[in-house]
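Accompanying notes for the structure given below.
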Amino acid sequence: SDHMENIYGYLMKYTNLVTGWQYRFFVLNNDAGLLEYFVNEQYRHLKPRGTLQLAGAVISPSDEDSHTFTVNAASGEQYKLRATDAKERQHWVSRLQICTQHHTEAIGKNNPPLKSRSFSLASQGSANSPGVQRRPSQNAVSFFNVGHHRLPSGKRVPIMQPDHLVDVREMMSQAEGQQRDLIRSIECLPVSGHLTALDQDLLMLKATSMATMNCLNDCFHILQLQHASQQKGSLPAGTTINWLEPKISLANHFKNGAAQNFPAEINKPASVREEQSVAEPCQLTREPEEINPEEELEDICDDKEDDLGAVEEQRSVILHLLSQLKLGMDLTRVVLPTFILEKRSLLEMYADFMSHPDLFIAITNGTTPEERMIRFVEYYLTSFHEGRKGAIAKKPYNPIIGETFHCSWRMPKSDVAANAGSNFSAHSPSEQVTLSKETEGRAELDYYTVKFVAEQVSHHPPVSGFYAECVERKMCVNAHVWTKSKFLGMSIGVTMIGEGILSLLEHGEEYTFSLPCAYARSILTVPWVELGGKVNINCVKTGYSASINFHTKPFYGGKLHRVTGEVKQNATNTVVCRVQGEWNSVLEFTYSNGETKYVDLTKLSVTRKRVRPLGKQGPFESRRLWQHVTESLRDGDIDKATEHKRALEERQRNEERLRAETETPWCTKYFLKEGDGWVYHKPLWKTVSALQAQQTDTN
């Protein structure tokens with residue numbers, strides 16, 4: 001009661017995506033148990049702009065930052081508020097919680113227990129079924145199967161040890177499942193009749209059950225922090241906090257809240273609860289892992305994104321989303337509907353740009369700097385067609401921080417050697433890229449191996465690093481990309497901020513390059529992908545450069561997917577090659593000697609990448625991490641896919657909060673920060689330099 005004073009002041013209130021945050025003057029009326037707000041302090045003597053009853057409300061500090069919190073009233077109304085700093089937020093949250101507790105307890109003292117009421121849910125089989133069927137012995141508590149578990153008399157609660165936190169998490173998972181089913185049952189009740197979703201007792205039950213689970217989660221979070229702080233002194237510097245591998249199966253988690261027997265086997269299938277679990281420190285190593293190419297098998301996954309049905313059926317969802325967006329809005333933090341997702345991670349999409357490894361390896365076979373630059377441009381322009389799977393504009397999964405993807409390609413040396421020392425442009429497309437089915441099973445023959453690794457190195461901003469190398473040809477490519485998306489009206493634009501460097505160590509050459517912007521057009525009808533913008537490729541040592549323009553379609557007329565470009569020698573400003581055509585269809589290359597070559601991208605053979613089976617992948621690897629989302633999308637179960645996706649995102653937020661509160665920095669696994677970019681920890685140019693130095697010392 002000492003803290004039951006009225007407080008007032010300015011807070012920011014979130015209205016919607018269009019209006020955003022607005023300053024409002026708030027007053028906490030402790031006597032009445034009300035939170036009121038006005039446009040400003042001068043209007044305080046007038047009627048409040050809004051009022052919330054605090055009895056039964058839930059006050060929750062937000063995970064987004066240290067300034068935001070929410071007030072969830074028993075009526076279902078919610079205020080999302082932001083203080084000027086963490087101290088002010090704590091002041092408001094503490095006073096609101098004290099006031100809420102006081103008035104909630106007062107309701108319990110002043111009102112008798114719930115009267116027994118007879119009801120059951122109506123049968124859904126017939127439109128003529130009565131809305132209510134009476135059962136004399138059933139009340140709200142028994143109907144929703146809300147029970148209390150007590151310890152046997154004389155038994156003491158054992159002291160909780162840190163290694164029991166996993167078991168606590170599992171028990172809380174059961175309770176959360178029961179509470180979620182309770183909320184769903186209440187919300188599914190009719191809005192009129194004997195028992196409705198707006199019944200005051202049920203609203204109170206809904207609010208208090210939510211408050212109880214929030215309190216339990218806060219207590220569990222405190223236990224985790226305590227455990228982390230106890231171990232912090234004994235941990236080496238730079239130790240990271242990673243996700244735990246829990247043991248709860250999805251099938252058991254969604255059985256109407258009933259108590260389940262959870263198996264103890266670690267290898268049970270992952271579940272929504274697993275994906276939401278917050279890790280204890282040091283459960284997973286962040287040491288770089290050497291992937292054995294012999295464990296990788298040819299990829300048999302063939303997820304074509306050509307089904308438009310889901311998009312058409314979900315048009316109302318898109319309209320609702322569009323109504324909350326404004327032009328130029330950054331979509332990085334906007335949660336897009338699950339049905340627009342591709343069945344692969346963004347990291348795997350970057351790997352699919354390498355689906356013509358023979359063209360990649362053939363770059364270093366060019367006999368002159370001019371020919372090598374032209375070969376790189378040819379490879380660069382052929383990579384986008386396979387990188388985009390299908391015509392529909394779907395979005396790959398946003399990688400989770402720390403997520404990785406590994407794969408490799410095998411290319412028989414005979415298929416690449418045919419290009420060595422010859423004019424690459426003189427070959428027909430079918431001769432340039434040939435991967436016959438006869439090569440399958442020819443492991444005894446010599447082949448080149450191109451290895452690929454990608455990692456999500458940052459969450460805000462979202463930055464991915466990827467690296468590919470062919471050791472036998474002494475060539476590698478290192479790149480980092482920050483994807484920044486914006487709402488453009490009836491389309492969405494994605495800017496690929498970053499840079500890549502191709503290193504040809506045999507020739508001592510480095511080629512820097514950038515990536516074009518991508519656009520999802522006609523998002524209300526049949527969405528399609530378009531590339532746009534100007535990219536540059538440059539080699540400082542040789543003085544050759546390339547300028548490539550990806551043209552967006554004009555409003556009237558014009559061709560789709562058009563691309564033009566030229567390669568020139570900077571010193572003399574001489575154009576040695578021109579290119580035009582469509583980046584997903586036919587490209588025409590015209591050379592300084594008058595020769596012309598056409599490349600039909602739709603007829604280029606694609607080399608399937610090799611990946612490890614899911615059972616041998618680590619928990620952070622893309623396909624294993626997103627496997628439940630992918631399976632649900634394949635089955636057409638959008639709701640289930642959304643649940644799994646939300647669980648992964650929630651796990652990432654919880655882990656980020658835990659790292660912030662324990663002041664534990666995130667450590668990447670494969671890439672190191674160098675200036676504004678990210679570089680693979682063991683690039684080929686360092687390995688080759690070290691070997692050359694050893695040979696020099698030996699000689």
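The values are calculated or read from the model by the stated rules, or taken from the named source; none is laboratory data. These numbers come from a predicted model, not from an experiment. Cβ: placed from backbone, ideal geometry, glycine included. Neighbour counts: every protein chain shown. Ligands, DNA and RNA are stripped out before the accessible areas are found, and what is left, the full protein with its side chains, is counted by its heavy atoms. Shrake-Rupley method; radii C 1.70, N 1.55, O 1.52, S 1.80 Å.
Taking the criterion of being within 24 Å of GLN652 (Cβ to Cβ) and in contact (Cβ under 8 Å) with a residue 60 or more places away in the chain, the residues of segment 42-63 that qualify are VAL58, SER60, ASP63. Checking each residue of segment 653-664 against the condition of being under 29 Å from SER383 (Cα atoms) and part of a loop (DSSP other than H, G, I, E, B) gives no match.
Residues in segment 557-581 that are under 29 Å from LYS541 (Cα atoms) and without any contact (Cβ under 8 Å) to a residue 40 or more places away in the chain: THR564, GLU566, LYS568, ASN570, ALA571, THR572, ASN573, THR574, VAL575, ARG578, GLN580. Looking at the structure I just gave you, is GLY636 at positive phi, in the same structural domain as GLY402 (by the TED database) and open to solvent by 50 Å² or more (accessible area, probe 1.4 Å)? Judged against the criteria, GLY636 is a match. Of all the residues in segment 529-585, those that are among the aromatic types (Phe, Trp, Tyr) and within 36 Å of the chain's Cα centre (by Cα) number 3.
Among the residues of segment 172-198, write down those that are touching a Pro at 6+ places or on another chain (Cβ under 9 Å) and closer than 30 Å to LEU223 by Cβ. Full working, then the answer.
Let us first name the residues in segment 172-198 that are touching a Pro at 6+ places or on another chain (Cβ under 9 Å), namely 173, 196-197.
SER173 - this is the single residue of segment 172-198 that is touching a Pro at 6+ places or on another chain (Cβ under 9 Å) and closer than 30 Å to LEU223 by Cβ.
Check segment 563-582 and report whether any residue there is open to solvent by less than 60 Å² (accessible area, probe 1.4 Å) and either among the aromatic types (Phe, Trp, Tyr) or part of a loop (DSSP other than H, G, I, E, B) (or both). The answer is no, given that none of the residues of segment 563-582 is open to solvent by less than 60 Å² (accessible area, probe 1.4 Å) and either among the aromatic types (Phe, Trp, Tyr) or part of a loop (DSSP other than H, G, I, E, B) (or both).
Here GLU650, GLU674, GLU643, GLU656 are screened, and the one residue that is out of contact with any strand residue (DSSP E or B) (no Cβ under 7 Å at 6 or more places or on another chain), in the same structural domain as CYS407 (by the TED database) and open to solvent by 80 Å² or more (accessible area, probe 1.4 Å) is GLU674. Where strands (runs of 3 or more DSSP E) fall entirely within segment 26-88, those with at least 2 residues that are touching a helix residue (DSSP H, G or I) at 6+ places or on another chain (Cβ under 7 Å) and in the same structural domain as HIS103 (by the TED database) are at 58-61, 68-72. Take the residues in segment 71-92 that are closer than 30 Å to ASP199 by Cβ and crowded, with 18+ Cβ neighbours inside 10 Å; name whichever of them is modelled with the highest pLDDT. Per the criteria, the residue is LEU81. When each of LYS413, LYS395, LYS474, LYS389 is tested for being modelled with pLDDT of 90 or more and either open to solvent by 20 Å² or more (accessible area, probe 1.4 Å) or not assigned by the TED database to the domain that holds ILE501 (or both), the lone residue that passes is LYS474. Considering only segment 617-631, I want to know if a residue exists there that is in a helix (DSSP H, G or I) and over 19 Å from the mean Cα position of the chain (by Cα). Checked segment 617-631: no residue is in a helix (DSSP H, G or I) and over 19 Å from the mean Cα position of the chain (by Cα).
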